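*Asks:* Dumping the structure here so I can ask a few things about it.
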Amino acid sequence: MDEGKGLFRLGLFVILSLVTLMAILFVLGGRSLFQPSFVFETYFDGSVAGLEIGAPVQFRGVPLGQVSAIAGSGAIYEQDVPVDQRKGYIVVEAKVSGDPGQVEQWHEELDAYIKRGLRAQTQLAGVTGQQYLSLDFFAPAKHPPLEIAWTPRHPYVPSAPSIAGQIIGKLQKLMASLDETDIQALGENLNVLVATLNTKLAELPVSTLSADIAAVLQEARTTLARLDGALAEAPVDAAVRNIASAASRLDALLAAPGIEQTVANSAALSGRLRDLAESGSIERVVKDLDRAIQRIDALVGDNQYDVRVMVRDLRATADNLRALSESVKRHPSGFIFGGPPEKVELPWSD
């Protein structure tokens, strides 16, 4: 009887333990069974060392989900393709989960994001070498989708090379170029160059050059001393004051309202002259004046004698008018009543 009770208690304890364990598992991970999610995949034409299943998936630092599968394209899509014709891509599947609204938004707008340039890229998570999957926007022309000959099982997001991969690739190219370079020949050329320089330096007259350099330095010191003395004797302060005074006067002149009016009038006059020149009026006036001068020259040339007579008569007339004006000044009444009165001789004037 006691043995039966002990077995009953043991069985009850095992059952309760299993129920408790299942409850704990449900609380910790069972919720994900009822959360909305969707899976997308991307392909890398290179190493993804450090990226593991369960690695975070982030969009510009915002958590979206985690990596759910990593495999080669030959094991998933290229089983029937000959080995020498396989692409050899690395297929990475990622599961987006979490907030239902966020998951639904990504599921509906993923195609639009891809057209805009959404790309998947592996990035280092720290100094340990572990990587995570990062989503970000890149220039679509610089990172086109990889060529594939199959239909993806899930929505396909193109990839972009990782920064670490790019650095490693450039270092590999640098090392390859160094391998192709004849280092030994380069070292020999450097040795020859150094030997030539040593020979040329040994042939230089060092003592003469030192004396010449010392003389040049002494002349430079003398010149600087003279320049300092000239600057000290020069009326620099007076010149500065004069310049400041001239600048003040110039500022006052420019600030005068008449200057602005003069500038405006000059601009208006220039505009009018430009318009007149563009209209052709000046050319017509010059041509008319030229024709008038030619006519005057012809007229004077044909009647030169008559012109001389007219000029002589005009001079005589001018002389008469001058004499008449002098007479009028001396005897104004004579211009109206006739000549001047006769002089009266008085008897006591003797």
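*Asks:* Where does each of 183-194, 45-56 land if you order them by average Cβ count within 10 Å, highest first?
*Replies:* 45-56, 183-194
*Asks:* Report the local net charge at residue 73: Lys and Arg +1, Asp and Glu -1, summed over other residues whose C-beta lies under 15 Å from its C-beta.
*Replies:* Here the charged neighbours net out to -4.
*Asks:* Using the structure shown, list the pairs from 87/170; 173/200; 87/115 with a Cα-Cα distance above 32 Å, or answer none.
*Replies:* Checking Cα-Cα distances, 173/200 exceed 32 Å.
*Asks:* Shape verdict for the range 34-167, please, from the Cα gyration tensor: rounded (a/c under 1.5), prolate (a/b greater than b/c) or oblate.
*Replies:* Here the range 34-167 falls in the rounded category.
No value in this document is a laboratory result; all are computed from the given coordinates. Every value quoted in this text rests on a predicted model; they were computed, and no experiment measured them. Glycine gets a Cβ as well: all are built from the backbone with ideal geometry, and neighbour counts include every protein chain shown.
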